[in-house]
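Let me begin by presenting the structure, written as structure tokens, before commenting on it.
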Amino acid sequence: MAPHRSRPRALAAVSLATAAALTLAACGSSSGDSDSRSGSDAGSAGSTRTVKTAMGDVKVKEAPERVVVLDTAELDSALTLGVKPVGSTHADVKSGFLNYLPEDRVAGIEDVGQMMTPNLEAIAALKPDLILTSKVRHGDKYAELSKIAPTVMTENTGYPWKENFQLHAEALGKKNEAEKVTADYARHVAEVTKALGGKAKAAGTEVNMVRFIEGADIRIYGKKNYIATILADVGLGRPAITDKAADGFSYDVSPEKIDLADADVVFHSTYGDPKKAKETETTGGGLWKNMDAVKNGKVFAVDDQLWIQGIGYTAADKILDELRTKLTK
């Protein structure tokens, strides 16, 4: 999966497979005849609901049964709400679907291509009655996707994950389940904050999140991204360097400036090969070893797939457990 940065991306032009996909959708999918932008519901059974999305109003079935998701956040949302998609794109990781998701929960989900380049023919072949994704990922494919099935897009991914989850729940007809999920999360957050000594003590502990990325600079995460929202929910403090993050997302540095990442506690993850991502070079160097967090034994390596790529309540609950375990050592 490409490194998360909540910014629009230029995506590749639709290939010949797209044309085949649309032909297949028109001929073989009962819900594929509907254009979600126009709100038509030709060929689908049962009543529909109108959902307000980043691309306008979309009519969806009251209880979609064949859902395809095109990003990790949407997959987390669906599984969290008890919905197993019939199809999903895969992340750019060896495991395909992110490894924090239990194997039995993703077993049987059809792989419909890499996240940034979904296979429209494969999606159409599944005859979905709902497609979930975001405008930042697949906005340029909206016309093609909406001819296959009603397509619900959030504006973005990452930082607004809680709002996005609510839209996913509405589209899936799982608003009651969503209320329970968010209430359980709030209780979990309160338990972790209490375990850390309460709000004041948590606020007095400054935490940084560092990501080593193959083919890019090292990221010190700011306050407007997925992991930052979880740290904020627990009430943990953030160092002043996070205020310098571009668009609130990250402040990028070279290994020669890694000491800027120092804090009371530093979590770090790696996307790609550790050597190519400069993790090996950086963590083996003097600047890293002389950071207070390193000297005090408060540096923790964490799973990139869980802490950065997951983006959802199932991932967040696991992260909360890890925060409690590591910060109470």
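Bear in mind these aren't lab numbers, they're just calculated from the coordinates by the rules spelled out. These numbers come from a predicted model, not from an experiment. When we count neighbours, we look across all protein chains shown, and the Cβ atoms used for this are built from the backbone with ideal geometry, even at glycine.
Summary of values
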item	result
In Hz, Karplus ³J(HN,Hα) per residue of region 108-123 (6.51, -1.76, 1.60; θ = phi - 60°; x = Gly, Pro)	x, 6, 6, 7, 10, x, 5, 3, 7, 10, x, 8, 5, 5, 5, 5
Summed residue charge, Cβ within 11 Å of LEU196's Cβ, Lys/Arg positive, Asp/Glu negative	+4
Rg over Rh [alpha-carbon atoms, Kirkwood Rh] for region 181-327	0.95
Acute angle (nearest 10 degrees) that the helix 175-195 long axis makes with the longest principal axis of the chain, alpha-carbon atoms	10
Most mobile of ALA107, ALA169, ALA91 in a GNM of the chain (Cα contacts under 10 Å)	ALA107
Calculated from backbone phi, Karplus (6.51, -1.76, 1.60) coupling profile of region 310-320 in Hz, x at Gly/Pro	x, 6, x, 6, 5, 5, 4, 5, 5, 5, 4
Tilt relative to the chain, helix 16-28 - C-alpha long axis, 0 to 90 degrees, to 10	50
Kirkwood-Stokes translational diffusion coefficient of region 153-220, alpha-carbon pairs, 4 °C, 1.567 mPa s, µm²/s	86
Size of region 83-227 as Cα extents on the principal axes (Å, biggest first)	54, 43, 30
Kirkwood-based shape ratio for region 42-105, expressed as Rg/Rh from alpha carbons	1.03
Estimated vicinal HN-Hα couplings, Hz - region 58-66 in sequence order (Karplus 6.51, -1.76, 1.60; Gly, Pro = x)	10, 8, 10, 5, 4, 9, x, 10, 10
Between helix 161-172 and the chain: long-axis angle, C-alpha atoms, 0 to 90°, nearest 10	20
Quarter of the Cα convex hull surface for region 185-233, i.e. its orientation-mean projected area (nm²)	4.1
Kirkwood-based Rg to Rh ratio, region 88-140, C-alpha trace	0.96
Translational diffusion of region 249-329, µm² s⁻¹ [Kirkwood Rh, Cα pairs; Stokes-Einstein; 37 °C; 0.692 mPa s]	239
Listed residues THR89, THR72, THR117, most fluctuating in the chain (Gaussian network, C-alpha, under 10 Å)	THR117
Value at 222 nm in deg cm²/dmol, rounded to 500, when DSSP H runs of n ≥ 4 in the chain each add -39,500 (n - 2.57)	-10000 deg cm²/dmol
Overall Cα dimensions of the chain, principal axis frame, Å, largest first	65, 40, 34
Amide H partners (placed H, <5 Å) of THR53, local residues excluded	VAL58
